[in-house]
Amino acid sequence: MVEKIRTVKDVSCPFCGTLCDDLEIDVDIKTDLVVEVRNGCQIGTKKYFSSNPSDHRYMKPLIKVNGEHKEVSWDEALDKAADILVNAQRPLLYGFSSTECEAQSKGVELAEMLNALLDNTASVCHGPSLLAIQDVGASLATLGEIKNRADTIIFWGSNPVHAHPRHLSRYSDFIRGYFRTDGRNDRNIIVVDPRNTHTAQIADKYIKVNPSEDYELIQAIRAVLRGSELDVKEVSGVPIEDIKELVEELKSCNFGVVFFGMGLTQSLAHHRNVDTAIRLVAELNDYTKFILIPMRGHYNVAGANQVFTWNTGYAYSIDFSRGYPRYNPGEFSSVDLLLRDEVDASLIVASDPGSNFPAASVKNLFKHPLIVIEPHKTPTSVFADVILPAAIAGIECEGTAYRMDGVPLRLRKVKDAPGETLSDKEILEKLIEKVKEKMGE
Ligand code: SF4
């Protein structure tokens, strides 16, 4: 019998920071289309099907002529992109969290050559976590340890049911572990959030905190843990009796974890929230084992932080304008730079700031020449002057990515890249060559 389907097993899903590595993908041998995805959640599965050719997929390089995108050769598109970057006074290279580490490394090389600004999506998600960890360190563990040992799980300002759908079934809730043989029945799930999210609805305990008052609540928990009597009835909307009960639960568990999301990093006290959460976890280690893990969103934003740090010493918000890397979130982070209109050209790699940056910064982004390296039509790419069509890392080319707990995993290629698309790494290498030519190097 002639085989019609090729199955690729043990595939790592290139969507969210959970980086599930047990997917099985069926590809039609004749058409090279993805026809079946097993073990993926809805969003991961969708990403595999989105790799099939469609109206939204870029297959050839495009440049904008008289307001319309026109197909051109790779050479023409790269030439125009290099022109824009070389002629800019203060170019910004942004994104890099939905691509693999080798491409990220090429991005750093290009930024250094151009004396450019270099940033990744951590500056709008877990940048405050990185700042806090730089200040006070952190007690961490792998997701495997959590699966096998954790009996108390706190989701603080994160909603994995929607944002990391298989996190609960692979590592933190329903899964049976070596010491947690009864799965869900062996775990106490606590959610702290201003909203009664779907994760809160399946938790054992839901603590409703007032919006942007996480810092006060964590400080109150720390005070009660130290034996202080608080002479107020509630803190951040949570009754003192509930805080005392929570402290007893945390002290008496075997292995606790705080998974925290953007509800903590992007509420009012930003990195101070994370700073104090880290200190709470350290203090809980006087009683039991406790760790914390940021719920990273993009599948390789943790890798972007690693690769930028290996190469420059800093994880995000980097400025090369003086010929050496400088780091200052708030000054060199993309949103702030764009709000102050300090950027005169941008290269966006595997990211879509047009759909999540504040409107005033997006307006300034679109005002100046814009290049995107992107597989699909996005709210950012439609405004680009040059579109360099990319193969999707983890589907159409290999690479390395870092899971949210810092474990690197290999991404597999399951099918060929369509049309004239090239991997992000190849595109950046070719762009580097063009830029070198133009700079006379
Ligand atoms: S949970 Fe995340 S990594 Fe796992 S299949 Fe879903 S989107 Fe992919």
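The values are calculated or read from the model by the stated rules, or taken from the named source; none is laboratory data. Just so you know, these numbers come straight off a predicted model, no measurement behind them. Cβ sites come from the backbone with ideal geometry, for glycine too, and all protein chains shown count toward neighbours.
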Exercise. With respect to Gln42, determine if the residue is surrounded by fewer than 18 Cβ atoms within 10 Å (Cβ to Cβ), at pLDDT 95 or above and in the same structural domain as Asp352 (by TED's automatic domain parsing).
Key: no
Exercise. Going by the conditions given, is Val386 of a type in the set (A, V, I, L, M, F, W, C) and either under 30 Å from Tyr171 (Cα atoms) or in contact with a Lys or Arg (Cβ under 9 Å, 6 or more places away or on another chain) (or both)?
Worked result: yes
Next item on the list: Looking only at segment 65-87, decide whether some residue is within 16 Å of the ligand (Cβ to nearest atom) and not assigned by TED's automatic domain parsing to the domain that holds His164.
Entry: no
Condition set within 14 Å of the ligand (Cβ to nearest atom) and surrounded by fewer than 15 Cβ atoms within 10 Å (Cβ to Cβ), scope segment 1-37, selection nearest to Gly261 (Cα to Cα): answer is Asp22
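Residue-wise test of (1) of a type in the set (A, V, I, L, M); (2) free of Cβ contacts under 8 Å to residues at least 12 places away in the same chain; (3) assigned by TED's automatic domain parsing to the domain that holds Tyr316.
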site: Val335; (1), (2), (3): yes, no, yes
site: Phe357; (1), (2), (3): no, no, yes
site: Ala360; (1), (2), (3): yes, no, yes
site: Thr380; (1), (2), (3): no, no, yes
site: Asp385; (1), (2), (3): no, no, yes
site: Pro408; (1), (2), (3): no, no, no
In segment 38-58, anything among the aromatic types (Phe, Trp, Tyr) and away from the ligand (no atom under 16 Å from the Cβ) is listed as Tyr58
The condition of being assigned to a helix (DSSP H, G or I), under 25 Å from Asp275 (Cβ atoms) and of a type in the set (Val, Ile, Thr) holds, among Ile153, Ile146, only for Ile146
Of (1) touching a Phe, Trp or Tyr at 6+ places or on another chain (Cβ under 9 Å); (2) not in a loop (DSSP other than H, G, I, E, B), Gly419 satisfies every one except (2)
Apart from one, (1) modelled with pLDDT of 95 or more; (2) within 18 Å of Ser139 (Cα to Cα) all hold for His271; the odd one out is (1)
Of the residues in segment 154-176, those that are buried (at least 20 other Cβ atoms within 10 Å of the Cβ) and more than 16 Å from the ligand (Cβ to nearest atom) come to Ile154, Trp156, Gly157
Among the residues of segment 281-312, the number that are in a loop (DSSP other than H, G, I, E, B), within 16 Å of the ligand (Cβ to nearest atom) and in contact with a helix residue (DSSP H, G or I) (Cβ under 6 Å, 6 or more places away or on another chain) is 1
Restricted to segment 311-333 and to residues being free of Cβ contacts under 8 Å to residues at least 24 places away in the same chain and aromatic (Phe, Trp, Tyr), the residue surrounded by the most Cβ atoms within 10 Å (Cβ to Cβ) is Tyr314
Given (1) within 16 Å of the ligand (Cβ to nearest atom); (2) of a type in the set (Asp, Glu); (3) surrounded by fewer than 24 Cβ atoms within 10 Å (Cβ to Cβ); (4) under 25 Å from the mean Cα position of the chain (by Cα), Glu100 misses just (3)
Is there a residue being in contact (Cβ under 8 Å) with a residue 60 or more places away in the chain, out of contact with any strand residue (DSSP E or B) (no Cβ under 7 Å at 6 or more places or on another chain) and not polar (S, T, N, Q) anywhere in segment 226-237?
no
If you go through Arg57, Arg149, the only one that is out of contact with any helix residue (DSSP H, G or I) (no Cβ under 9 Å at 6 or more places or on another chain), basic (Lys, Arg) and farther than 22 Å from Val382 by Cα is Arg149
Expected single match for part of a loop (DSSP other than H, G, I, E, B) and in the same structural domain as Ile432 (by TED's automatic domain parsing) among Ala315, Ala269 is Ala315
Here the qualifying pairs (Cβ atoms under 8 Å; residues six or more apart or on different chains; first in segment 162-175 and without any contact (Cβ under 8 Å) to a residue 40 or more places away in the chain; second within 10 Å of the ligand (Cβ to nearest atom) and polar (S, T, N, Q)) come out as Ile175/Ser169
